[in-house]
DNA sequence: CAATCACGCAACTTCAGGGTTGCATTTCAA
DNA sequence: TTGAAATGCAACCCTGAAGTTGCGTGATTG
């Protein structure tokens with residue numbers, strides 16, 4: 001069974017992304033940015049059951065994982081989605097899954113023979 | 001921009017998986033099960049800096065997300081990895097990423113014309 | 001049978017995450 | 001200029017996650 005070990009930095013980045021997406025509010029924010037495009041904090045706060053400050057913190061967490069980035073536009077701050085970390089995390093999950101499945105297949109063949 | 005919204009149940013399952021994998025110890029457990037194959041709690045505790053009870057709880061969390069399942073074998077409990085939720089979560093990330101990227105491309109084309 | 005191994009259960013402690021309120025600051029617009 | 005809008009900053013509360021210790025129980029083995 002070949003381990004998906006790889007560079008520890010990649011693992012840590014993946015863990016960071018998972019941790020960021022593991023929260024309901026943050027996952028909703030990502031989905032909203034994805035479907036609604038770039039938006040300001042106030043816009044993102046609309047139809048959310050938490051405070052603007054809470055949203056701000058969640059955005060900071062997402063930014064810490066590299067999933068979003070904000071840029072000032074006048075007196076407001078527009079937030080954008082970054083897809084690169086999503087892809088990397090997705091590949092990490094795939095890698096684990098594939099490693100495990102091939103290991104299972106090898107084991108099955110071994111038992112059958 | 002078409003939203004990846006989909007069934008809320010799927011989103012919640014993905015969130016559950018992300019939350020489970022967002023912890024360093026648990027991600028290490030998954031990697032270890034993947035590369036080392038089915039193992040008992042005591043085996044998984046070896047070379048871990050936390051207690052056996054802590055490992056047990058982490059395994060319960062992973063099981064709650066459907067990522068692992070344990071089965072008794074005599075006096076010990078053997079834990080296995082389940083790849084299905086990993087795949088589903090991976091596809092969820094891909095979906096968001098693709099939606100976002102195509103949206104960006106559409107926007108770029110629109111601006112250029 | 002006795003010692004031990006592998007584990008389950010429960011109480012307890014600690015602390016960071018998620019949330020709020022209050023106020024200051026910058027920008028916009030009439 | 002002046003009021004309102006959009007945000008930043010800081011202090012504070014509060015629950016739950018993560019970890020530990022202690023003890024009890026079924027399975028193994030000598």
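Rounded to the nearest 10 degrees, the angle from helix B:84-112 to the longest Cα principal axis of chain B is 20 degrees.
Convex hull over the alpha-carbon atoms of chain A: what's its volume per residue in Å³? Intermediate values should be presented prior to the final figure.
Details: hull volume 12.9 nm³, N = 113.
Enclosed volume per residue, from the Cα hull, is 114 Å³.
The calculated Kirkwood hydrodynamic radius for the protein assembly as shown is 18.9 Å, given to one decimal from all distinct C-alpha pairs. Based on DSSP H segments of at least four residues, each scored -39500 (n - 2.57), chain B has a per-residue ellipticity at 222 nm of -21500 deg cm²/dmol.
Taking every residue in B:85-95 and counting other chain Cβ atoms within 10 Å of its Cβ, the average works out to 6.
Using only atoms on other chains, find how many Cβ atoms lie within 10 Å of each Cβ of peptide A:73-83 and report the average. The partial results should precede the final answer.
Values: counts 0, 0, 0, 0, 0, 0, 0, 2, 7, 2, 10.
Per-residue shielding by partner chains comes out at 2.
Relative to the longest principal Cα axis of chain B, at what angle does helix B:8-21 sit, 0 to 90 degrees, rounded to 10? Taking the Cα atoms of chain B, the angle to B:8-21 is about 50 degrees. A simple spin-label model places the labels of residue B:43 and residue B:104 4.3 nm from each other, with each point 7 Å out along Cα-to-Cβ.
Placing a label point 7 Å from Cα along the Cα-to-Cβ direction at residue A:88 gives distances to the equivalent points in the other copies of 2.7 nm, listed shortest first. Note on segment B:3-64 and segment A:78-93: Cα centroid distance 21 Å, given to the nearest whole angstrom. Taking the label point 7 Å along Cα→Cβ, residue B:107 and its counterparts in the other copies are spaced 4.6 nm apart, in ascending order.
Every number in this text was worked out from the coordinates using simple rules, so none of it is lab data. For clarity, every value in this text was computed on a predicted model and none was experimentally measured. Quick reminder, even Gly has a Cβ in these numbers, built from the backbone with ideal geometry, and neighbours come from all protein chains shown.
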